[in-house]
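Presented below is the structure to which this report refers.
The values are calculated or read from the model by the stated rules, or taken from the named source; none is laboratory data. Owing to the predicted nature of the structure, the values given are computational and were not obtained by experimental measurement. Note that we place each Cβ from the backbone using ideal geometry, even for glycine, and neighbour counts take in every protein chain shown. Only protein heavy atoms, including side chains, enter the accessible area calculation; ligands, DNA and RNA are left aside. Shrake-Rupley method; radii C 1.70, N 1.55, O 1.52, S 1.80 Å.
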Amino acid sequence: MITVTNVGLQYGDRKLFEEVNIKFTPGNCYGLIGANGAGKSTFLKILSGEIEPQQGDVSLKPGQRLAVLKQNHFEYEEFEVLNTVIMGHVRLYQVMQEKDAIYMKEDFSDEDGIKAAELEGEFAELNGWEAESEAAILLKGLGISEELHMKKMSELTGAEKVKVLLAQTLFGEPDVLLLDEPTNHLDLQAIQWLEEFLINFENTVIVVSHDRHFLNKVCTHIADLDFGKIQIYVGNYDFWYESSQLASRMAADANKKKEEKIKELQNFIARFSANASKSKQATSRKKLLDKIELDDIKPSSRKYPYVHFTPEREIGNDLLRVENLSKTIDGVKVLNNVSFVMNKDDKIALIGDNEMAKSTLFKILAGELEPDEGTYKWGITTSQAYFPKDNTPYFEGCDLNLVDWLRQYSPQDDSDTFLRGFLGRMLFSGEEVKKKASVLSGGEKVRCMLSKMMLSGANVLLLDEPTNHLDLESITAVNNGLINFKGSLIFSSHDHQFNETVANRIIELTKEGLNDQQQTYNEYLNSQS
């Protein structure tokens, strides 16, 4: 258990936290959420002791161990992979080193024998005899093959190092796990393994993630960082989101009788409880949900951008025909004989391990890159809008303010009033619209690019990783906007919930060719297992 008492932190005039009082208890997984810049990662650093709060304190039950997911992927370059994992339990690794140093002595004294015996006893108490096998099991679960276990970290790829550091954090059954974006750079199999690990983990987990599906799978509670406070809610991310929306509707309808509100709340809780899986964690969560009272649900201060794509003209049946497309980049063939036909109402999720292959196909279809071989043809009723993964060329060195930047792409109305209103719906209000385009953050650039696409009135959308750099609120807004879009689209995303709720067709780019399935993302995944 980890206890937070009256914690406060302020940078200049800005208060991040004020009088935060929470107990994070064993057997629960807490998803720490909050708008970008709210201080989620900073709060994790306060919990870990890396940052001292200006007021209050954080206490861990005596004798308990806290593990933190390391972010420096080059910290252990000279160490072997297996040892790097074991180093996650600092005291165990120290005992192993001290023990080895004594046994290496040529002049082994009686004192050394006594010390070695003490260390052997502590080694056994810390489950040292199982350390290497436990580390190997964690590595294997995350997809690090056995032949890599004795290699140095410097010999691994970046994605492999991420997995080793995650295994290091999970090693030795820590009492408290602090995980900041643990699914970043993980492949699907590793994410699924981590989900199962955390669902069955019996101690305390506090996690920050932009992956809503992950939060829904593993979280028993949501810790909402809002108004400089942290409020704990029972349930996963979807339950928190829907309940905050319900609370907002209830607050807006002041005339609604309390009995009606209570009935609406009861129906809402029943619906979520009925969807609980059979896992022990979900069963426990259902019992807690049933105890929620009307006053427990409060509206959030979060602001959601208004994402709505409106096609200017109805799309015909003839959309896109791709025949035998091939492309080689820097001597590597990234597209090989790609062929498919896009139909009316298709919402295609483009998936595959080769990120360059997906981005290359998007660039070709958007007319930004020529194929080496093959052809593609858009139907005469189609108009396309393209969201590139790298939007740097649209902003780099641009001295225009946001109103003038957006004016370049406004075909119907370029008045300041119209453009300011449009930017306001995308959360650029007041003086923010006078910002220069070149100084925007990653998330702000994405919102501008989405604004550009919405202004286009296109009936076919091409989106290459549109959720990168966005906070949970913006991801949810984009997700809902694409669900409601009346045209057709091709998109790529690592967001499981995004793929599952938007796509009705899956096209996987593989080394062997195209795997084209008219099914949802979950149906596709189930067919692969």
Measuring from the longest principal axis of the C-alpha atoms of the chain, the long axis of helix 472-483 (C-alpha) lies at a number of degrees, nearest 10, equal to 40
Magnitude of the Cβ-charge dipole (Lys and Arg +1, Asp and Glu -1) of region 134-196 about the Cα centre, nearest 20 debye, reported as 280
With Cα coordinates, the longest principal axis of the chain makes an angle with the long axis of helix 258-274, in degrees rounded to 10, of 70
Charge tally for neighbours of residue 365 with beta carbon under 12 Å away, counting Lys, Arg as +1 and Asp, Glu as -1, is +2
Candidate cut points under trypsin sites (Lys or Arg not before Pro) in region 426-529, DSSP loop plus at most 11 other Cβ atoms within 10 Å of their own Cβ, are 486, 511
A 1.4 Å probe over the protein heavy atoms gives the chain a carbon and sulfur accessible-area percentage of 47
Once the dipole of the chain is set up from charges on Cβ (+1 Lys and Arg, -1 Asp and Glu), the residue from the list 247, 526, 341 lying farthest towards its positive end is 247
For the chain, dividing by residue count, accessible area per residue (probe 1.4 Å) in Å² works out to 49
If unit charges are put on Cβ atoms (+1 for Lys and Arg, -1 for Asp and Glu) and the dipole of the chain is taken about its Cα centre, the option from 139, 361, 270 lying farthest towards the positive end turns out to be 270
With every protein chain in place, the accessible area of residue 87 for a 1.4 Å probe, in Å² rounded to the nearest 10, comes to 40
Whole-Hz Karplus couplings 3J(HN,Hα) for region 425-433, θ = phi - 60° and coefficients 6.51, -1.76, 1.60, Gly and Pro as x, run 5, 9, 6, 9, 10, x, 6, 4, 5
Per the charge dipole of region 1-97 (beta-carbon charges, Lys/Arg positive, Asp/Glu negative, Cα centre), the residue among 25, 62, 82 reaching farthest to the positive end is 25
SASA check, residue 429, accessible area w/ 1.4 Å probe, all protein chains in place, rounded to nearest 10 Å², comes out at 70
Summing -39500 (n - 2.57) over every DSSP H run of at least 4 in the chain, dividing by its residue total and rounding to the nearest 500, the 222 nm mean residue ellipticity is -11500 deg cm²/dmol
Of all GluC sites (Glu not before Pro) in region 341-442, the ones in DSSP coil with at most 14 other Cβ atoms within 10 Å are 368, 396
Once the in-chain neighbours fewer than 8 apart are removed, the lysines whose Cα is under 17 Å from residue 486 read 344, 347
Within region 481-523, DSSP-loop GluC sites (Glu not before Pro) with at most 14 other C-beta atoms within 10 Å are 512
With every protein chain kept in place and a 1.4 Å probe, the residues 118, 444, 312 fall, from largest accessible area down, as 312, 118, 444
For the chain, the dipole about the Cα centre with charges only on Cβ (Lys and Arg +1, Asp and Glu -1), to the nearest 20 debye, works out at 2580
Given unit charges at Cβ for Lys, Arg (+) and Asp, Glu (-), the dipole magnitude of region 1-88 about its Cα centre in debye, nearest 20, is 400
